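Below is one structure; the comments refer to it alone.
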Amino acid sequence: MDIIIINGPNLNLLGKREPTIYGSKGFEDYFKELLSRYPNVNLSYFQSNVEGELINQIHESGFKVDGIILNAGAFTHTSLAIADAISAVNSPVIEVHISNVFKREAVRHHSFITPVCVGSICGFGLDSYRLALEAILEDK
Ligand code: DQA
């Protein structure tokens, strides 16, 4: 089972960035926990602040892996190009957000990617990623 987590802009700063919203743990530490909790999953991780690099990674992974867990960060609310990339590939994509975007500013309530994802998980902190992983495993 191959699953990739793709994180978008500013998520490289998890642990330092607005900890009251996103928590105080860095993603690398959380990713290590996921690796040890799911030893039978071939789990990989990619992060970029650049929209085109995220699209390239979706293209690269999207015909190979069993699932993509995508936190597109603010591109969620702006990027038709990322939505088109998700539509273009075969692998199921699950949208993830650490914060509950619906409790936040109205601009965060709209997502370009929700209609092209299998489902969406938000508001459970970093555990949102594990819940997405469980959803992919459950589906197999
Ligand atoms: C986020 C929510 C987005 O609105 C925001 O731009 C992010 C992070 C989240 O994980 O809660 O960068 O995707």
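No value in this document is a laboratory result; all are computed from the given coordinates. The shown structure was predicted, so the numbers you read here are calculated from the model rather than taken from an experiment. Note that we place each Cβ from the backbone using ideal geometry, even for glycine, and neighbour counts take in every protein chain shown.
Summary table below
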| quantity | calculated |
| --- | --- |
| Test result for Lys103, surrounded by fewer than 18 Cβ atoms within 10 Å (Cβ to Cβ), over 18 Å from Gly8 (Cα atoms) and free of Cβ contacts under 8 Å to residues at least 24 places away in the same chain | yes |
| Flag if Leu54 is touching a residue at least 60 places away in the same chain (Cβ under 8 Å), touching a helix residue (DSSP H, G or I) at 6+ places or on another chain (Cβ under 8 Å) and not hydroxyl-bearing (Ser, Thr, Tyr) | no |
| Residues located in the stretch 58-81, provided they are away from the ligand (no atom under 16 Å from the Cβ), out of contact with any helix residue (DSSP H, G or I) (no Cβ under 7 Å at 6 or more places or on another chain) and not small (Gly, Ala, Ser) | Glu60, Phe63, Lys64, Val65, Leu80 |
| Tally, over the stretch 45-73, of residues that are closer than 23 Å to Arg130 by Cβ and either surrounded by 16 or more Cβ atoms within 10 Å (Cβ to Cβ) or within 12 Å of the chain's Cα centre (by Cα) (or both) | 18 |
| Residue match in the stretch 62-76 (condition: free of Cβ contacts under 8 Å to residues at least 12 places away in the same chain and of a type outside the set (A, V, I, L, M, F, W, C)) | no |
| Selection count where residues are hydroxyl-bearing (Ser, Thr, Tyr) and within 16 Å of the ligand (Cβ to nearest atom), scope the stretch 21-55 | 5 |
| Close pairs from the stretch 3-19: first over 15 Å from Ile69 (Cβ atoms), partner more than 12 Å from the ligand (Cβ to nearest atom) and not polar (S, T, N, Q), Cβ under 6 Å, at least 6 apart | Gly15/Lys25; Gly15/Gly26 |
